[in-house]
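A.B. asks: This structure is in structure tokens; I'll ask about it shortly.
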């Protein structure tokens, strides 16, 4: 893998700024609502929401600091399992595959959600006289949102990312791909498996387990491989994932 110093910037610094902004905003909102408390207003709700967000943000701020340190160490001191940068042709080929995949799946999801929404809204529009126009407009707006997210948004993502210089850093407990950082180095998460796949393009599929509010889940990160790579080297490298 490349020994050239990575040009990729640490995206966790942006994540940290967002968490700090959310922390400060909801802290101010909560304190203001507490000191100007009115039982007939939304102050009670604002206080509870602020407490929840502030406590949650403190956990993520601590985790983000840890991620920043890990990525900075990898970039500055080249402490990493592997690093590579794609050619313009390789990066464009990957984005075309990604756009096609997102477009096809987004279209199916948009049709499915539109059908469910129509089944819910149409009986009310046909048989309840109050608010027919408003419910019809809400239904149309939901249709528009579904198709925007499923059909238009993938194209926007493609045009935003196509001029970037695609770059990847693999760590023992995480992957920094382009501007996205995936890590299993946090409580109740662990590395599950990694394998090399050649469909629909040559890529490394890395799966890790974690818990969220719905319970245990798994997530797979697909990392496209450069055209020229040694499978034995890749297999040796992924055996070091922890």
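The values are calculated or read from the model by the stated rules, or taken from the named source; none is laboratory data. Worth saying up front: this structure is predicted, and the values here are computed from it rather than measured. So basically every Cβ, Gly included, is an ideal-geometry build from the backbone, and we count neighbours across all protein chains shown.
A.B. asks: Can you pull out every residue in segment 65-84 that is surrounded by fewer than 17 Cβ atoms within 10 Å (Cβ to Cβ) and either out of contact with any helix residue (DSSP H, G or I) (no Cβ under 8 Å at 6 or more places or on another chain) or assigned to a helix (DSSP H, G or I) (or both)? Spell out the reasoning first.
C.D. replies: If we filter segment 65-84 for residues that are surrounded by fewer than 17 Cβ atoms within 10 Å (Cβ to Cβ), which is where we start, we get 65-66, 69, 72-73, 76-79.
Scanning segment 65-84 gives 65, 66, 69, 72, 73, 76, 77, 78.
A.B. asks: Among 46, 26, 21, which is the only one that is in a helix (DSSP H, G or I), over 30 Å from residue 222 (Cα atoms) and within 20 Å of the chain's Cα centre (by Cα)? If you could, list the steps in order and put the result at the bottom.
C.D. replies: On the way: 46 fails: within 20 Å of the chain's Cα centre (by Cα); 26 fails: within 20 Å of the chain's Cα centre (by Cα).
From the options 46, 26, 21, the qualifying one is 21.
A.B. asks: Kindly establish whether residue 218 is closer than 28 Å to residue 14 by Cα and modelled with pLDDT of 80 or more. Steps first, please.
C.D. replies: Working: closer than 28 Å to residue 14 by Cα: yes; modelled with pLDDT of 80 or more: yes.
Yes.
A.B. asks: While we're looking at this one, here's another question. Which of (1) in contact (Cβ under 8 Å) with a residue 60 or more places away in the chain; (2) surrounded by 11 or more Cβ atoms within 10 Å (Cβ to Cβ); (3) closer than 17 Å to residue 172 by Cα; (4) in contact with a strand residue (DSSP E or B) (Cβ under 8 Å, 6 or more places away or on another chain) does residue 242 not meet, given it meets every other one?
C.D. replies: Tallying (1) in contact (Cβ under 8 Å) with a residue 60 or more places away in the chain; (2) surrounded by 11 or more Cβ atoms within 10 Å (Cβ to Cβ); (3) closer than 17 Å to residue 172 by Cα; (4) in contact with a strand residue (DSSP E or B) (Cβ under 8 Å, 6 or more places away or on another chain), residue 242 fails exactly one: (2).
A.B. asks: In segment 29-43, which residues are exposed (fewer than 12 other Cβ atoms within 10 Å of the Cβ) and not in a loop (DSSP other than H, G, I, E, B)? Before you say what the answer is, go through the steps one by one.
C.D. replies: Applying the first criterion (exposed (fewer than 12 other Cβ atoms within 10 Å of the Cβ)) to segment 29-43 yields 35-36, 38-42.
35 - this is the single residue of segment 29-43 that is exposed (fewer than 12 other Cβ atoms within 10 Å of the Cβ) and not in a loop (DSSP other than H, G, I, E, B).
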